[in-house]
Amino acid sequence: MVNAGVYAEGNYIPSMNELAEELQISKETVKKAYSILRKKRIIESAHGKGFYVTNNGDHKYKILLLFDKISTYKQILYSSFATQIKDISEISIRLHNQDIDLFEHFIEENLDNFDYYIITPHFPLHPANEKRVLKIINRIPNRKLILLDRHLDKLKGNFGAVYQDFENDIYDGLSQEIDELKKFNKLNVISMPGSMYAPLIENGIKKFCKKNNIPFKIHKNITVKNIKEQEVFLILNSQLDVELIELARAARQKGCEIGKDIGIISYNESPINEIVLNGLTVLSTDFKKMGELAAEMIKEKSFKKIKCDFRLIRRNTF
């Protein structure tokens, strides 16, 4: 009927009940047929309206990337995703800035307008926020939804997710170089206000240090008196490099050579880290891989929940 031109692009087709009754076949048979047509992108469903004809499967996927903000590593993620899927997609980007009202507006405004919704669900960690975010995201059909960078454990269904596990990742990442860490007298953690996941990451660090008998201290500011030789410093939130600059300046004032007298480890990989301080050691998830895996799910129409690789990338500062 579609190929014959009876139903044109945008036309709604009979409901499953109507077609089952008209053809005198079971609703289950119609359901399977509609499922096949949807996988071939010949038809699609609109919330509360039924099924409609797309354009016989030859259109590009319409994808909404709903990011919390743009950062260096989000650009890496986006570039990786877009490179893998650019020939079969049209990508639109919106930034919700971790504002739930704005996030809800974007979902309401674009519900049923896209084939896939790729979301970074980063919001302040309060129960009320999480409950509201889950309610909003539940409006998106599982078959269209991929979460990136954070998994929502309470969200049920067969949606896709490629994420980092902040508390356990930091434990595993530090474990990769435990012998080197034990050469230092203390692990100093620079955890300035403003890092959303700092409490989770700090929990992972505490578990790691207590398990392995490594002395540690968490600092909320950076001062010259905190700099001591044969100690290592882990900076949790240095997206704007402010904390890294302050730490490097304090080390210089104390007469300490970074990479020899003290060690520095930063959080989240960026291309410039290969140059900063002649090679900045980082703990990071693999944002490039994260984008590739999300694209692969769409191309293969097979949604999974995957914890992305997390590792310590060792360079000159540690």
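Laboratory data are not the source of any read-out in this text; all were calculated from the coordinates shown. This structure is a prediction, so every number in the text was calculated from the model and none was measured. Cβ: placed from backbone, ideal geometry, glycine included. Neighbour counts: every protein chain shown.
Miscellaneous remarks
- Within straight-line cross-link reach of Lys217, lysines at Cα separation under 25 Å, skipping those fewer than 8 residues along the same chain: Lys182, Lys183, Lys186, Lys206, Lys207, Lys225, Lys228, Lys254, Lys260
- Highest GNM mean-square fluctuation among Gly194, Gly204, Gly279, for the chain modelled with Cα contacts below 10 Å: Gly194.
- With contacts taken as Cα pairs under 8 Å at a separation of at least 6 residues, segment 226-318 carries a relative contact order of 30 percent.
- Highest to lowest packing among 127-137, 68-78, 143-153, scored as the average C-beta count within 10 Å: 143-153, 68-78, 127-137
- Helix 127-137 and the longest principal axis of the Cα set of the chain meet at an angle near 40°.
- Angle between the chain longest axis and helix 166-175 axis [Cα atoms, degrees, rounded to 10]: 50 degrees
- Pairs of Cα atoms nearer than 8 Å and 6+ residues apart set the relative contact order; for segment 1-147 it is 21 percent.
- Distance from the Cα centroid of segment 200-238 to that of segment 59-91 is 35 Å (rounded to whole angstrom).
- Checking every one of the trypsin sites (Lys or Arg not before Pro) in segment 196-250 against DSSP loop status and a limit of 16 other Cβ atoms within 10 Å picks out Lys220, Lys228.
- Mean silhouette area of the chain, derived from the convex hull of its C-alpha atoms and averaged over all directions, reads 18.4 nm².
- Note on Lys69 and Ala8: the model spin-label points, each 7 Å out from Cα along the C-beta direction, lie 4.8 nm apart.
- Degrees, to the nearest 10: 72-85 long Cα axis against longest axis of the chain: 30 degrees
- Distance-filtered residues of segment 265-306 - backbone nitrogen under 15 Å, label point 7 angstrom along Ser35 Cα→Cβ: 302-303
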